[in-house]
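Student: Sharing a structure below in structure tokens format, with a few things to ask.
The values are calculated or read from the model by the stated rules, or taken from the named source; none is laboratory data. Because the structure is predicted, anything quoted here is derived from the model rather than measured. Ideal geometry is used to build each Cβ from the backbone, glycine not excepted, and the neighbour counts take in all protein chains shown.
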Amino acid sequence: MDVLTKNAFQRIIEIAHPHVKSILDRMCDRAKNLMKSKEPRELGSWKRAVTSSDGCWLIRGFHSQCCSFVIVDFVSGGILFYGHLCMRGSNNICDSELWQGTSKSAEGHLAHKLFAKAKEEGMHCEVNWQDQDSSSGKSFRSVFPDGQLSRVMLCGGHVGRSHGNNLKEYKSKKVLDKGFIDQHKKKYPQVATVKCVCEGKSHSKKCGCMTDEFLAASKRNHFSALKQSLRSSAEYARRMHVLGKHHSKDIHKWKEDGEDQECGFHPILVCSCGTCGKKASGGSNDKEGEASGGSNDKEGEANGCADSESNSDSRKGGSLSNNGKGCRRKGGISRNNASKHQIQDDNEGESESNDDSDNSDENSSSSSGDCSIESDAESGTDDSDDEDGDEKLKCPGKPYSTRNILTCPLHGLLYEIECDRVGAKAKEVVHEEMGKGHSNLPESKFSVLTKFRAKSTNLHQVYYEFSTNCGLCQSNMTFMINKEGSNYHWMRELLEEMAMPIPDGIEKMWKEENERRMNRLCKQKMKEAKAARANRKKMRAQESKKRYDKPSLLC
């Protein structure tokens, strides 16, 4: 662009901008028509829409002057509605006026505007999966006020990350402030008198307070509780309560209302000889990730959407058959065979990103496979609590014991309070037909945008909208390839609309690129790829901890 004068560059943008917008609008219409073609009573249809929405800014911080918001079809992954707000611009050739509000209020404003537009077009949104941003949630509720007919569901990964952040804050507490005590003393009377065993002294290795190892196990425990609860919000709330009140204190059998109770998600007896290979008398999973039933990427899955706005570290893999369409995941079932009422997200584990590649369309959420919906068959295979399938112990066995036990009264109570807080949101986290969900779809769209616009500068409105629309077109390629075939590319439409020649050989390159994309995305859904991503997350966390613990050389 340096070879062009300012006027020539502006003229190119003026010519290309409406064409790119027209292509993106047609993509949105394609996704809408797909929803309208379904039976009105079917979950995911136009009258029972399941969406996912989120907003992003050009740069981080309250001073960002450009914001975008998208609503995505949760079933197909196609963009339904999009909008932009910008505070700068002198060439008024865009459809929208310059934004006069703050960057913090921009997301809520766009959410209200786009959901209102969806309602005007006749769409009834039954479920909207999003992060825990309150402004967009309030905007959704202002358009669809009936909470029984239109529900805001929370991404399981974001809930887990919030859970971990709260525990990290509690880890450093040795005394409680008055505000915290007043807030919780009605339900937990002991909060007014409880004391930390390390009050007035430093923590020791076996003091029984929260440790880094305990925090890591707690994240895994939350994800396991969420995954194994399937489509039961009551079971999810029960598991979280049991984790906080009993399991963390190494209590696995107790009496409640005169009846014997157990944790239910791990065996009561475990092998004591080391040769039995399986645990007996109870569920198939212990919550510390020690028993069978979970995948090998627990560490990564525990982080949920912690890296949802960063680039994936997935490496390129070899090709798979069928170009990624209808492929079978190892140990699972194909999307085509999923239950009619069980929405199996096409983008589970689907990363359009590859940090080892310079392709602009290979940028996406690294957590796509960490907090996605599992089908009944797959979840039943990995995480069922059916004790009939457990082999009997060949040795006398020994009682199950929690690995990281909280013996500190203060930290034990804080963990119980936090688990109950998370469990209270169970109906917002676990859907009765879909189970757990995520907000990876809009986040994966945004991560592509970094290849199309410079984040180091505040751009004017016209160029911001143009470059962002180009990025959204590219981010929607997976949806369009699934619907239009591997020969499709939005760049062909742009060149044809602008009456420009199509270079020789470019169509073959587009097709090969699309096939590589679908093969790669299919491979990234495999358990081996998920385990590799989880291992990289674990290594990054360990490296970060080493850097944090390393003493500074500065005075």
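Student: Taking the range 115-138 as the search range and keeping residues that are at pLDDT 95 or above and touching a His at 6+ places or on another chain (Cβ under 8 Å), which one is surrounded by the fewest Cβ atoms within 10 Å (Cβ to Cβ)?
Tutor: Val127
Student: Sticking with this one: Has the range 494-517 got any residue that is free of Cβ contacts under 8 Å to residues at least 12 places away in the same chain and in contact with a helix residue (DSSP H, G or I) (Cβ under 6 Å, 6 or more places away or on another chain)?
Tutor: yes
Student: Oh, and also: Just to be sure I understand, how many residues within the range 26-63 are within 15 Å of Leu472 (Cβ to Cβ) and assigned to a loop (DSSP other than H, G, I, E, B)?
Tutor: Total satisfying the criteria: 1.
Student: Can you spot a residue in the range 48-63 that is more than 28 Å from Glu497 (Cα to Cα) and over 24 Å from the mean Cα position of the chain (by Cα)?
Tutor: Yes.
Student: With the structure loaded, tell me whether Ser53 is touching an Asp or Glu at 6+ places or on another chain (Cβ under 6 Å) and surrounded by 24 or more Cβ atoms within 10 Å (Cβ to Cβ) or whether it fails that test. Walk me through how you get there before you give the answer.
Tutor: Values: touching an Asp or Glu at 6+ places or on another chain (Cβ under 6 Å): no; surrounded by 24 or more Cβ atoms within 10 Å (Cβ to Cβ): yes.
Here the answer is no, as Ser53 does not meet what is asked.
Student: Being part of a loop (DSSP other than H, G, I, E, B) and either of a type in the set (D, E, K, R) or touching a helix residue (DSSP H, G or I) at 6+ places or on another chain (Cβ under 9 Å) (or both) is true for just one of Lys205, Lys227, Lys219, Lys255. Which residue is that? Step through it out loud before you land on a result.
Tutor: On the way: Lys227 fails: part of a loop (DSSP other than H, G, I, E, B); Lys219 fails: part of a loop (DSSP other than H, G, I, E, B); Lys255 fails: part of a loop (DSSP other than H, G, I, E, B).
The unique qualifying residue is Lys205.
Student: Here's another thing I want to ask about it. Within the range 64-77, which residues are part of a loop (DSSP other than H, G, I, E, B) and farther than 23 Å from Arg141 by Cα?
Tutor: Taking the range 64-77 as the starting set, the residues that turn out to be part of a loop (DSSP other than H, G, I, E, B) are 64-65, 74-77.
Selection gives Ser64, Gln65, Ser76.
Student: Any idea which of Phe81, Phe74 is in contact with a Cys (Cβ under 9 Å, 6 or more places away or on another chain) and closer than 15 Å to Lys445 by Cα? Walk me through it before giving the result.
Tutor: Working: Phe74 fails: in contact with a Cys (Cβ under 9 Å, 6 or more places away or on another chain).
Going through Phe81, Phe74 in turn, the sole match is Phe81.
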